[in-house]
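J.: Okay, handing you the structure first.
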Amino acid sequence: MSQDRLPQMVISIMLLANFDVSERCNIRPRSFDLIAKKGGNLVIIKVASHIDSVSADIAWDLNLIARYLEATPLIVGERARDTDLERGVVYIRYGLFALNPETLYDYFVEGLSPMVYASPGGLYVRIKGDLLREVRERFRMSLGDLASHLGVSRRTISKYESGMGTTLDVAIKLEEFFNAPLVETIDLIGYCTPEPEKPAESTSGDVLVNLERMGMEIHAMRQAPFQALALFDKHTILTAYGTSQKVVKRASLIGNISQITKTFAMCVVTDYKKQKKIGKTLLIGEEHLHSLEDGSELIDMINE
């Protein structure tokens, strides 16, 4: 089976949903494959046939990029452990949503939000707690009455009304009994990703230290096609560095990603002494970078 089939399917779905889609990231290592934008919605997508292959480092990058670019990170795959991912079900990996292409299509093309999430022990949904309380009181039922009807404890019903998840079977019984839509939908866009942990030690090389000297806030990546996000005066610079042989082939991809994300792109070249543009990406020699005093000088160079 072609390794391109699943990524191409995801690209087609996002195009059908009228998103602008970046070039596919074919550079290894890669913590994401695509970035797509529509209006104010920016989505960063990791495509992995088996979602358990997504590592902690990949999740770190997805989370960090999503935080600082105000994007939604998604993992799209087909299998988990020994089973196929189910349509309409959201899976969780390192706190990030994972789903199959059919669920992606339903949400972005058809406007149908998933309702079910997988968790150890089975499939679950979240109950609209306020609505459950409202219909229970309308039916003049106490917590104990409803608990007895469902065969659960009074405390469990109280937790449902506070928004605790429950099994599909219980949710179906509740909706049939009260004839009310009590299950919360899952919004894939705009959910809050986990707060990034602090690295145990600095991963900054000479280039990143130099950027910090210029007043930039640096966030190092682990497996992204760029090694860092550099933040300065409301600007974000996708930053790669290394020898010319390594970074030049990244320049076009990073430039394309910067166009989609409305950011800047820069490659710092350790064996190069001048500066030039490859598309939207600034190539600058490390020695030249070292001569700059302030981040605003670099922003001006990228803007030229």
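J.: Each residue of the range 178-189 in turn: what ³J(HN,Hα) in whole Hz from Karplus with 6.51, -1.76, 1.60 and θ = phi - 60°, glycine and Pro shown as x?
T.: The phi angles translate into 9, 6, 9, x, 9, 8, 6, 7, 9, 8, 6, 8 Hz.
J.: I've got another one for you. Take S113, project a point 7 Å from its Cα along the Cβ direction, then tell me which residues of the range 164-185 have their backbone nitrogen under 14 Å from it.
T.: 181-185
J.: Pull up all non-local amide H partners of I92: gap of 5 or more, or a different chain, and H-to-H distance under 5 Å with H placed in the peptide plane.
T.: It is A98, A118, by chain and number.
J.: What translational diffusion coefficient, in µm²/s and rounded to a whole number, does the Stokes-Einstein relation yield for the range 77-160 at 20 °C and a viscosity of 1.002 mPa s, taking the hydrodynamic radius as the Kirkwood radius over Cα pairs?
T.: Values: Rh = 15.1 Å.
Here the translational diffusion coefficient equals 142 µm²/s.
J.: I would also like to ask the following. Taking only protein heavy atoms and a 1.4 Å probe, what accessible area per residue, in Å², does the chain have with all protein chains in place?
T.: Solvent-accessible surface per residue comes out at 50 Å².
J.: Would you list, by chain and number, the lysines whose Cα falls below 29 Å from the Cα of K246, excluding same-chain residues fewer than 8 positions away?
T.: By straight Cα distance, K246 reaches K37, K46, K198, K234, K262, K273, K274, K276, K277, K280.
J.: Give me the net charge of I75's neighbourhood, meaning all other residues with Cβ under 9 Å from the Cβ of I75; Lys, Arg count +1, Asp, Glu -1.
T.: Its environment carries a net charge of +2.
J.: Right, another one. Please express the Cα-Cα pair-distance distribution P(r) of the range 52-211 as a list of whole percents, one per 5 Å bin, running from 0 to the bin with the greatest distance.
T.: Each 5 Å bin holds this share of Cα pairs: 1, 8, 14, 16, 14, 13, 11, 9, 6, 3, 2, 1, 1, 0.
J.: At 1.4 Å probe size, what's the solvent-accessible area of T261? Round to the nearest 10 Å².
T.: Roughly 20 Å² of T261 is accessible to a 1.4 Å probe.
J.: Counting Lys +1, Arg +1, Asp -1, Glu -1, what net charge surrounds M14 among other residues with beta carbon under 15 Å of its beta carbon? Let's see the in-between values first.
T.: Values: positive: R24, K37, K38, K46; negative: D20, E23, D33, E102, D106, E110.
Taking every other residue near M14 into account, the sum is -2.
J.: Regarding the range 9-114, what are the three Cα extents along the principal axes, ordered largest first, in Å?
T.: Extents along the principal axes, in whole Å: 35, 28, 23.
J.: Taking the structure as given and computing Rg and Dmax of the Cα atoms in Å, which label from (1) 23.5, 79; (2) 29.4, 94; (3) 19.6, 60 fits?
T.: After the calculation, the listed value that fits is (1).
J.: Give me the number: length gained by fully extending S49 to R154, i.e. 0.36 nm times residue separation minus the C-alpha to C-alpha distance, one decimal in nm.
T.: 33.6 nm
J.: For the range 145-304, build the convex hull from the C-alpha positions and give me its volume per residue in Å³. Walk me through the intermediate numbers first.
T.: Working: hull volume 28.2 nm³, N = 160.
Given the Cα convex hull of the range 145-304, per-residue volume reads 176 Å³.
J.: A follow-up question, please. With r defined as the distance between the Cβ atoms of E217 and N303 and R0 fixed at 22 Å, what FRET efficiency is calculated, to the nearest 0.05?
T.: 0.70
J.: The range 124-164: D in µm²/s via Stokes-Einstein (Kirkwood Rh, Cα pairs, 10 °C, 1.306 mPa s)?
T.: In µm²/s, the coefficient rounds to 158.
J.: Counting pairwise Cα distances across the range 232-278, what percent come out greater than 13 angstrom?
T.: 54
J.: Return the long-range amide H neighbours of L282 (sequence gap of 5 or more, or a different chain), with a cut-off of under 5 Å between placed amide H atoms.
T.: Close amide H contacts, sequence-distant or interchain: A265, M266, C267.
J.: Using each residue's phi in the range 158-175, evaluate 6.51 cos²θ - 1.76 cosθ + 1.60 at θ = phi - 60° and report the 3J(HN,Hα) Karplus result to the nearest Hz, with x for Gly and Pro.
T.: Couplings: 4, 5, 4, 6, 9, x, 5, x, 8, 6, 4, 4, 5, 4, 4, 4, 5, 5 Hz.
J.: Additional query: What is the local net charge at E86, summed over the other residues whose Cβ is closer than 15 Å to its Cβ (Lys, Arg +1; Asp, Glu -1)?
T.: Once all neighbours under 15 Å are counted, the net charge is -2.
J.: Note the full-extension length gain between M164 and N26 as 0.36 nm times their separation in residues minus their Cα-Cα distance, in nm to one decimal.
T.: That pair, M164 and N26, stretches by 45.6 nm at full extension.
J.: Any idea how far the Cα center of the range 207-279 sits from the one of the range 17-32, in Å?
T.: A separation of 17 Å, based on Cα centres.
J.: Seen from all sides and averaged, what is the projected area of the convex hull of the Cα atoms in the range 245-304, in nm²? Numbers along the way, then the final one.
T.: On the way: hull surface 15.4 nm².
Mean projected area for the range 245-304: 3.8 nm², to one decimal.
J.: Give the carbon-plus-sulfur fraction of the accessible surface of the chain in %, rounded to a whole number; probe 1.4 Å, heavy atoms of protein chains only.
T.: 47
J.: Given R₀ = 25 Å, what would the calculated FRET efficiency be for R87 paired with D130, taking r from the Cβ atoms and rounding to 0.05?
T.: That gives a FRET efficiency of 0.30.
J.: Based on DSSP H runs of at least 4 residues, each adding -39500 (n - 2.57), what is the mean residue ellipticity at 222 nm of the chain after dividing by all its residues, to the nearest 500 deg cm²/dmol?
T.: -10500 deg cm²/dmol
J.: Continuing with this model, one more query. Extension gain R140-K274, at 0.36 nm per residue separation less the Cα-Cα distance, in nm?
T.: On the way: separation 134, 0.36 × 134 = 48.24 nm, distance 7.82 nm.
Roughly 40.4 nm would be gained on extension.
J.: To the nearest 0.05, what FRET efficiency results for V209 and Y68 with a Förster distance of 22 Å applied to their C-beta separation?
T.: Numbers: r = 20 Å, r/R0 = 0.89.
Taking R0 as 22 Å, the efficiency between V209 and Y68 is 0.65.
The values are calculated or read from the model by the stated rules, or taken from the named source; none is laboratory data. All of these numbers come straight from a predicted model, not from anything done at the bench. Don't worry about glycine lacking a Cβ; one is built from the backbone with ideal geometry, like all the others, and counts go over all protein chains shown. The protein model used for the area step is the full one, side chains on, heavy atoms only, and it has no ligands, DNA or RNA in it. Shrake-Rupley method; radii C 1.70, N 1.55, O 1.52, S 1.80 Å.
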